[in-house]
Amino acid sequence: MQTINETIQTMASMKKQAKLHALHRITNRFWSSAETHKFDFTKCWEWNKTTGDNGYGSFRIGKNSHTSSRACWILTRGTIPPDKHVCHTCDNPSCVNPIHLFIGSPSENAMDCVKKGRWRKPFLDINKARFIRAESKRGVSIRDLAKSFCCSSTTIALIKLNRTWKEKVN
């Protein structure tokens, strides 16, 4: 018969094994959602599941949803400090190659963006807003227009609804 201490140790070992099994399942599910190019670390490993308008993948760990790059960091390197971003050296939002990822503050992320020439000032004007409205009426999706104009779907929706870049409606 086991002593109480031995029983507690056995139970702790079983819990640890269950956690490791769960982590193994999550990790396998994550990597089955990416094209790893046979683990060639020089290439981007593209996320091939759901992505948002911004190109970032989405992955759920437990009850929490993360971008695929944040999930990759958590699964390969551990926790992410509060108020930090997971940034890409490759500037590819769908990349989940852990070698291409680094941790940075919001300001460091913005400086990296400026340094690499990716910082864009808004360049919409009334003529582009008219074009957006016309294309929307023709059936072009908000998502496609947002990609074409390098802005958010919300920006396009507000233009479409005449809440920004307003014009008098006849």
Q. For the stretch 93-115, how many residues meet the condition of being of a type in the set (A, V, I, L, M) and more than 23 Å from residue 34 (Cβ to Cβ)?
A. 3
Q: Please state which of the following conditions residue 86 fails to meet, knowing it meets all the rest: (1) within 23 Å of residue 114 (Cβ to Cβ); (2) open to solvent by 40 Å² or more (accessible area, probe 1.4 Å); (3) within 10 Å of the chain's Cα centre (by Cα); (4) not polar (S, T, N, Q).
A: (2)
(Q) Just to be sure I understand the filter: pairs with C-beta atoms under 8 Å, separated by 6 or more residues or on different chains, first member in the stretch 130-147 and within 15 Å of residue 163 (Cα to Cα) and modelled with pLDDT of 90 or more, second member outside any helix (DSSP H, G or I) and open to solvent by 50 Å² or more (accessible area, probe 1.4 Å). Which pairs pass? (A) 130/167
Q. Do the conditions hold for residue 58, that is, is it touching a residue at least 12 places away in the same chain (Cβ under 8 Å), open to solvent by less than 70 Å² (accessible area, probe 1.4 Å) and within 10 Å of the chain's Cα centre (by Cα)?
A. no
Q. So which residues in the stretch 29-62 are touching a Lys or Arg at 6+ places or on another chain (Cβ under 8 Å) and outside any strand (DSSP E or B)?
A. 33, 37, 53
Q: Answer yes or no: is there a residue in the stretch 63-78 that is open to solvent by less than 80 Å² (accessible area, probe 1.4 Å), assigned to a loop (DSSP other than H, G, I, E, B) and either in contact with a Leu (Cβ under 7 Å, 6 or more places away or on another chain) or modelled with pLDDT under 95 (or both).
A: yes
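The values are calculated or read from the model by the stated rules, or taken from the named source; none is laboratory data. Because the structure is a prediction, the values reported are computed rather than measured. Quick reminder, even Gly has a Cβ in these numbers, built from the backbone with ideal geometry, and neighbours come from all protein chains shown. In case anyone asks, the SASA skips ligands and DNA or RNA and just uses the protein heavy atoms, side chains included. Shrake-Rupley method; radii C 1.70, N 1.55, O 1.52, S 1.80 Å.
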